[in-house]
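What follows draws every value from the coordinates through simple rules; no lab data is involved. Since we're looking at a predicted model, the values are computed, not measured. Note: ideal-geometry Cβ built from the backbone for every residue, glycine included; neighbour counts use all protein chains shown.
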Amino acid sequence: MIIRSLTVVKPYAEALYSLASKDKAELKKWFCFLQELIKILKNEHILNHIILNPYLENFQKIELFISIIQILDQPKHSSNFIKLLIENKRILLLPEIFKQFQILQDENDGVAEVLILSAFPILKKHLENIIPLLEQKFRQKLRPRVVLDKSIIGGVCFEVKDQIFDISILEKLNQMTRLLLA
């Protein structure tokens, strides 16, 4: 399912990024616009009464949705983008499209996402200390994304692209188990 989703969303993200990246100000505007649009889509009322409403025609959904987003600072061609997503029944994939859009931006800026798995919340001040060390280790500028995962028991696990640096208690227990069974 993930591969299918990526296959569907990547062309939208690439086309949008190609359009938006021609101008830095426009790129920033698109970035903020997409974030706000995702927040709007999370509103159950909008989702159920407009997007998922089987009694509304696409043109009605487009008109209603565009009237709702008028409060946002819209980049050029945003209405066309919304229209395209609704007509192709892809509007619910907007979070994944945004994620791919962000990946393209990161690649252009030479930045990678570091997924930090932690059993407990990590304070911002600790992240500010950890990130420079990780950037040194992975030799790349990093943007952190922290995910709480109680299954690792304690410690942390860092993932950057295909590299993993796992210093979790779960990994230590797994190593001990492998040694005992060897």
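General remarks:
- Computed 3J(HN,Hα) for the range 71-77, one whole-Hz value per residue from the Karplus formula 6.51 cos²θ - 1.76 cosθ + 1.60 where θ = phi - 60°, is 6, 7, 6, 8, x, 4, 6, glycine and proline marked x.
- √(5λ) per eigenvalue of the Cα gyration tensor, the chain, largest first, Å: 38, 20, 15
- Using the Cβ-Cβ distance between Ile103 and Asn48 with R0 set to 30 Å, the FRET efficiency from 1/(1 + (r/R0)^6) comes to roughly 0.50.
- CD proxy at 222 nm, helix term only [per DSSP H run n ≥ 4: -39500 (n - 2.57); per residue of the chain; nearest 500]: -18000 deg cm²/dmol
- Debye, to nearest 20: dipole size of the chain, +1 on Lys, Arg Cβ, -1 on Asp, Glu Cβ: 180
- The alpha carbon centroids of the range 2-69 and the range 106-153 are separated by 28 Å.
- The length gained by stretching the chain between Lys172 and Asp149 to full extension, at 0.36 nm per residue less their Cα-Cα distance, is 6.7 nm.
- The calculated Kirkwood hydrodynamic radius for the range 21-111 is 13.8 Å, given to one decimal from all distinct C-alpha pairs.
- Equivalent ellipsoid, the range 1-73 (semi-axes from 5 times Cα gyration tensor eigenvalues, Å): 24, 18, 11
- Sequence-separation-based contact order of the chain, relative, with Cα cut under 8 Å and 6+ spacing, percent: 19
- Within the chain, percent of DSSP bridges classed antiparallel, to nearest 5: 60
- Per-residue 3J(HN,Hα) values for the range 99-110, derived from phi via the Karplus relation 6.51 cos²θ - 1.76 cosθ + 1.60 with θ = phi - 60°, read 4, 5, 4, 5, 4, 4, 5, 4, 4, 5, 8, x Hz in sequence order (x marks Gly and Pro).
- Cβ-Cβ FRET estimate between Glu36 and Lys124, R0 fixed at 25 Å, reported to 0.05: 0.60
- Highest mean packing comes first when the peptides 153-164, 170-181 are listed by Cβ atoms within 10 Å, giving 153-164, 170-181.
- Rg(Cα)/(2.2 N^0.38 Å) for the range 48-101, N = residue count: 1.12
- By definition, a body whose alpha carbon gyration tensor gives a ≥ b ≥ c is oblate when a/c is 1.5 or more and a/b is not larger than b/c, and the range 140-182 fits this oblate description.
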